[in-house]
Amino acid sequence: MGQLDVVRGKAAIGQSGGPTAVINQSLVGVVEGLRMGLCASGHVTKVLGMRHGVRGLVKDDFVDLTDMHQDRLDALALTPSAGLGSTRDKPDAAYCERILEGCRRNDIRYYFYVGGNDSSDTCRIVSEMAQATGYDLRCFHVPKTVDNDLKENDHTPGFPSAARFVAMACMADFMDNISLPGIKINVVMGRHAGFLTAASALARRRDRAFDEAPSASTDGPQLIYCPEVPFDMDRFVADVDAIYRVKGRCHIVVSEGISDAQGKPIGATLIKNAQVDAHGNVQLSGSGALGDQLGDFLKEKLTPAGGKPPRVRADTFGYVQRCWPDSSVIDRIEARRSGRFAAQLALQGHRDGSVAIKRTGSGSAAWLGDKGEAYASEYARVELSAIAAKTRHMPPEFLHGHNNVSRRFVEYCLPLVGELPGFERL
């Protein structure tokens, strides 16, 4: 296989799943990579953007990106959300046959899909169908997800920016909490993986020794609950009571996907008549039920006999986490380079694959100042089957006990989100 193992035809690019602050960087990266490679060589005759992902492909609904001016592409790259529109469709075999037929009908020979593990599975199915029917189609998955739950990746585009939002939102919320003390609960995205919830730990001050004991922590959140650890309601009450009794306040961050010891989601249990998405999942992020129910439970359990209930408030960050227009610099750079790398894979003659980000420099300088190692990353091709329909979870070394994260996680996450503000305390 080499550079000459390419085919002539059109390229199509789509975006899928939840939008992010940098998903358009990846879109523009693919366009730029094609222009520098297969378009310049004449192998790609036109670059088409699929409106709302595979929905646009099967309906022949495209945006012609072939000659779009670079100034407009640069502006699009800095724009949050999916510029082409996205979709939650999870294609089955019949749907994938329609996708393949759309490719044949439009002479599409290069298919790029920016999305998460379900998007990579779509790429896999379509690629296998194309090979089985003798249609020469090259399928490439470009990673994207704020949940950071793709296998084979150190992290995924979209996560650093969403993690930055969570960290800064929790900073602001904690300052509010110490001004008017009480119990505050924040519910963060993450159905099965706790990376985004864990990022709230970056809200804590780092000019003091890192302490993994929440009862000794000065800054919030003092309690962080990730879905990788079984959640127990009575233990939750005891955790909060131990801090609230000493400080008169408690700052808590909870993943929307927390589940009990039997794996039953707490949120899905509490949300009545819940909507279900195309993947069969209860839509947790669109409801404040989890935070409200946890708050009511704390009021009930922590109110002394004949006494006044504690002040408890809850917020669900919801969709605002995904596209907040203050993206991480690292995220912007890596998302765009991921798209360019996918185009390079096509130029090199690969028939399919997913782009993975590999960390080559730890980024410990973010924690230790200029004494540490600079952050660096590289890109690799991995098999679609290694990503497709699989979920990565927080590794045990990133967790500390049942209600906190470790210093190792903070060291992992800090260089990705970029410089964070510092605040003075009286």
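Values in this text are rule-based calculations from the coordinates and carry no lab data. Because the structure is predicted, anything quoted here is derived from the model rather than measured. Heads up, the Cβs are rebuilt from the backbone with ideal geometry, glycines too, and the neighbour counts pull from every protein chain shown.
Here are some notes:
- For the stretch 407-421, putting each phi into the Karplus relation 6.51 cos²θ - 1.76 cosθ + 1.60 with θ = phi - 60° gives couplings of 4, 4, 5, 4, 5, 5, 8, 3, x, 6, 7, x, 5, 10, x Hz, in residue order, rounded to whole numbers and with x for Gly and Pro.
- Here the simple spin-label model places points 7 Å from the Cα toward Cβ, and for Tyr135 and Arg408 these points are separated by 4.6 nm.
- Per-residue ³J(HN,Hα) for the stretch 335-349, Karplus 6.51 cos²θ - 1.76 cosθ + 1.60, θ = phi - 60°, Hz, x for Gly and Pro: 4, 5, 5, 4, x, 5, 5, 4, 5, 5, 4, 5, 4, 6, x
- Semi-axis lengths (Å, descending) of the ellipsoid that matches the C-alpha gyration tensor of the stretch 222-271: 22, 10, 9
- Three-way shape call for the stretch 30-141 based on the alpha-carbon gyration tensor, with the a/c threshold at 1.5: oblate
- Note: relative contact order over the chain, using C-alpha pairs below 8 Å and six or more positions apart, is 23 percent.
- Charge dipole of the stretch 98-252 about the Cα centre (unit charges at C-beta), most positive-ward option of Phe112, Ala238, Gly194: Phe112
- Here the dipole of the chain is about 260 debye; that uses its Cα centre as origin and unit charges on the Cβ of Lys and Arg (positive) and Asp and Glu (negative).
- Alpha-carbon centroid distance for the pair the stretch 290-304 / the stretch 124-170, whole angstrom: 38
- A simple spin-label model places pseudo-atoms 7 Å from Cα toward Cβ; at Arg245 and Glu128 they are separated by 5.6 nm.
- Backbone geometry of the stretch 319-333 corresponds, through the Karplus equation with coefficients 6.51, -1.76 and 1.60 at θ = phi - 60°, to 3J(HN,Hα) couplings of 5, 4, 5, 6, 10, 4, x, 9, 6, 5, 4, 4, 4, 4, 5 Hz, x marking Gly and Pro.
- For the chain, the convex hull drawn through the C-alpha positions has a volume of 143 cubic angstrom per residue.
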